[in-house]
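Reviewing the structure listed below.
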Amino acid sequence: KQEVTQIPAALSVPEGENLVLNCSFTDSAIYNLQWFRQDPGKGLTSLLLIQSSQREQTSGRLNASLDKSSGRSTLYIAASQPGDSATYLCAVSMGGSQGNLIFGKGTKLSVKP
Amino acid sequence: DGGITQSPKYLFRKEGQNVTLSCEQNLNHDAMYWYRQDPGQGLRLIYYSQIVNDFQKGDIAEGYSVSREKKESFPLTVTSAQKNPTAFYLCASTDRPGTEAFFGQGTRLTVV
């Protein structure tokens, strides 16, 4: 059974720092991996989608990498800002006809001014 | 603007009541999903549907029911058989299984 783990559970950094959020999964036969952002009491906003054949994806100050064989993904946030404060969720899809996502519990990020 | 609309934002249920959460999408996506989120836990799959008039149970389907009569709509009913329904419910859709998932803003259900 696929399990997704995110470390750390919470992270507090000063504004301007570059930071890395980690995601690991137990079954490397994933179809894709997706990073989301969730603000308190809100839904999920898709940040980046990495297909299993890709190594990384970039969007603005965000860069996500995927090492499928080792079961790891990282989300790199450059020059963090207070507006980046949120919970970041990692999820994998195993493909097939079901297509649902299996989620980690998230990393709660706080960026201090 | 294309997206997923969930309503209501907040819902209160009395003991023994059934309540229905609405999810509508205008993305023309085939697949739709319902997830439940509890504090300190990851999202868990309740039900999913790949096409109209067809749906499948997820990991925690007991006490829930769904319908998919139209492509754009996937309502979730929380029945009185669900013993611990207080949670945040999220609806999602994908163009087809395995593609980028988009989520609604969620419905917070509280038992009173």
Taking every alpha carbon pair in the protein assembly as shown and sorting the distances into 5 angstrom bins from 0 up to the bin holding the longest one, the percent per bin comes out as 1, 7, 15, 18, 19, 16, 12, 7, 3, 1, 0
For B:Lys71, the net charge from surrounding residues (Cβ-Cβ under 14 Å; K, R +1; D, E -1) works out to -3
For chain A the mean separation of alpha carbon contacts under 8 Å (6+ apart) over residue count, i.e. relative contact order in percent, is 37 percent
The protein assembly as shown: antiparallel bridges as % of DSSP beta bridges, rounded to 5, reads 90 percent
Bridge orientation stat for chain A from DSSP, antiparallel percent rounded to 5, came to 90 percent
Most fluctuating of B:Ala92, B:Ala101, B:Ala31 in the GNM of chain B (C-alpha, under 10 Å) is B:Ala101
Expected sort for A:56-65, A:36-45 on mean C-beta neighbours within 10 Å, highest first, is A:36-45, A:56-65
Averaged over the residues of B:101-111, the number of partner chain Cβ atoms within 10 Å of each residue's own Cβ comes to 3
Length-normalised contact order of chain B, Cα under 8 Å, at least 6 apart, in percent, tallies to 35 percent
Taking every residue of B:19-29, the Cβ atoms of other protein chains inside 10 Å of its Cβ average out to 0
For segment B:1-44, averaging the sequence separation of alpha carbon pairs under 8 Å that lie six or more residues apart and dividing by its residue count, the contact order in percent is 37 percent
Phi-derived 3J(HN,Hα) across segment A:42-52 with the Karplus relation (6.51, -1.76, 1.60, θ = phi - 60°), rounded Hz, x for Gly and Pro, is 10, x, 9, 10, 5, 9, 8, 10, 10, 6, 4
Rounded to the nearest 10 Å², the 1.4 Å probe accessible area of A:Leu47 is 40 Å²
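The values are calculated or read from the model by the stated rules, or taken from the named source; none is laboratory data. Predicted model, so just to flag it, every value in this text is computed and none were measured. In this analysis, Cβ positions are derived from the backbone assuming ideal geometry, glycine residues included, and neighbour counts consider all displayed protein chains. To get the accessible areas, we keep the full protein, side chains included, count just its heavy atoms, and leave off ligands, DNA and RNA. Shrake-Rupley method; radii C 1.70, N 1.55, O 1.52, S 1.80 Å.
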